[in-house]
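Some notes on the structure that comes next.
No value in this document is a laboratory result; all are computed from the given coordinates. Note that the structure is a prediction, hence the values are computed from the model and not measured. Ideal geometry is used to build each Cβ from the backbone, glycine not excepted, and the neighbour counts take in all protein chains shown.
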Amino acid sequence: MSEQPTEGLRPLPSHYSHCFGCGREHPTGLHLQMAGGGTRIEGSFLVTEHHQGAPGLAHGGVIAAAMDEGMGFMLWLLETPAVTVHLEVNFRRPVPVGSRLDLAGDLDGVEGRKIWTTMTGRVDGEAVVDARALFLKVGLEHFAPHARRMRETLERPYNP
């Protein structure tokens with residue numbers, strides 16, 4: 001994410017400190033920083049040597065995880081917990097280690113428990129990846145047994 005989020009967007013918090021996507025305490029995670037407002041999400045992460053697949057290039061699965069995590073931040077704006085049920089990622093160009101992947105996404109629709117989102121990832125202004133996802137609203141009880149097993153608590157009500 002650029003130094004300042006786009007006007008009208010507010011910084012959004014990590015949902016869990018050890019999350020691979022957005023957690024500050026995950027040693028090799030993405031440390032994704034996101035901002036959002038209305039039906040728009042923006043953010044970025046720095047691709048490091050820990051995110052490599054081929055030498056010097058980001059692993060496609062890491063890029064897919066970043067897109068999923070980024071679109072999942074829409075759940076903060078909708079104020080509902082949900083899970084990804086479908087993720088489609090289109091890779092346009094390789095993403096070199098050392099690049100900042102800038103993400104911009106939109107809410108495409110909500111119908112009952114279903115939430116549709118899209119996102120584009122850019123490096124130096126060039127679109128390198130795009131994705132769309134379907135999330136399904138769930139209750140917090142979906143996450144509770146797993147949190148207990150890890151001796152964690154559900155600190156925030158909306159799990160991006």
Legend entry - In Å, descending, principal axis extents of the Cα set of region 10-149: 41, 34, 27
Inset, instruction - Between the alpha-carbon centers of region 3-43 and region 71-118, tell me the distance in whole angstrom. - result: 12
Inset, instruction - Using a 10 Å cut-off on Cβ atoms, rank the peptides 84-94, 122-132, 63-73, 43-53 from the highest mean neighbour count down. - result: 63-73, 43-53, 122-132, 84-94
Inset, instruction - Can you tell me the dipole magnitude for region 10-149 around its Cα centre, using point charges on the Cβ only (Lys, Arg +1; Asp, Glu -1), in Debye to the nearest 20? - result: 240
